[in-house]
1. Among the aspartates and glutamates, select those whose C-alpha is under 15 Å from the C-alpha of Lys42, and discard any that sit fewer than 8 residues away in the same chain.
2. So, counting K/R as plus one and D/E as minus one, what does the shell of residues with Cβ under 15 Å around Tyr131 add up to?
3. Going by how many other Cβ atoms sit within 10 Å of their own, how do Thr26, Thr70 line up, fewest first?
4. Which value in deg cm²/dmol, rounded to the nearest 500, describes the helix-derived mean residue ellipticity at 222 nm for the chain, given -39,500 (n - 2.57) per DSSP H run of n ≥ 4 and division by the residue count?
5. Could you pull out which residues in segment 125-142 have an amide N less than 18 Å from a spot 7 Å beyond the Cα of Thr2, following the Cα-Cβ vector?
6. Using only the alpha carbons of the chain, determine the length spanned along each of the three principal axes and report them from longest to shortest in whole angstroms.
7. With both bridge residues required to lie in the chain, what share of the DSSP beta bridges run antiparallel, to the nearest 5%?
8. Distance between Cα centroids, segment 1-24 to segment 106-135: provide it in whole Å.
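We did not get these values from a lab; they are worked out from the coordinates using the rules stated. Given the structure is predicted, the values throughout are model-derived calculations rather than measurements. Reconstructed Cβ throughout: ideal geometry from the backbone, glycine too, with neighbour counts over all protein chains shown.
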Amino acid sequence: MTEISFYFNAPDKLAVARRLAQKASTSGKRLLIYSRDAHTLKSLDALMWTSPPTGFLPHCQAGAAHADETPVLLSADPEALPHHEILMNLDLERPPLFSRFDRLLEIVARDDMEDRARARERARFYRDRGYRVDNIDLAARA
């Protein structure tokens, strides 16, 4: 069964996504980052090229030529499933086919009330279907 973790109270959702992507990559796991919002994926792509200033997190679009060799993939289409390890959801909606992944990461912005409300709906959906949901309070870890 898919392990689900909510990282909430994120002061900067994309910075947290970048940090978790780096952690997954460093541990040898493959990660698919999902959002239907092209602006979100473009902004995260830029962040992965520039943060940290002397670093780079190898990533590409899920349909790119070298996607099979790249540890972090960005996609607006979770049905193009190149692997089933970790799915990170940056969308307001529940990602389709999430149950095919070993792990699902949800990141919830601290100051975005719509994001918080929609995350509560997603968490309720997962729990109602028998998934265990772990909550990680990023404000408490700061």
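1. Answer for Lys42, where 15 Å is the Cα cut-off: Asp77, Asp91, listed by chain and number.
2. Values: positive: Arg94, Arg100, Arg103, Arg120, Arg122, Arg124, Arg127, Arg129, Arg132; negative: Glu3, Asp102, Glu106, Glu121, Asp128, Asp134.
Result for the local shell: +3.
3. Working: Thr26 10, Thr70 19.
So the ranking, lowest neighbour count to highest, is Thr26, Thr70.
4. Values: 4 runs with 47 residues, N = 142.
Value at 222 nm, helices only, nearest 500: -10000 deg cm²/dmol.
5. Only 125-136 pass the distance filter.
6. Projected onto its principal axes, the Cα set of the chain covers 38, 31, 27 Å.
7. Working: 0 of 26 bridges.
Antiparallel: roughly 0 percent of the beta bridges in the chain.
8. Their Cα centres are 13 Å away from one another.
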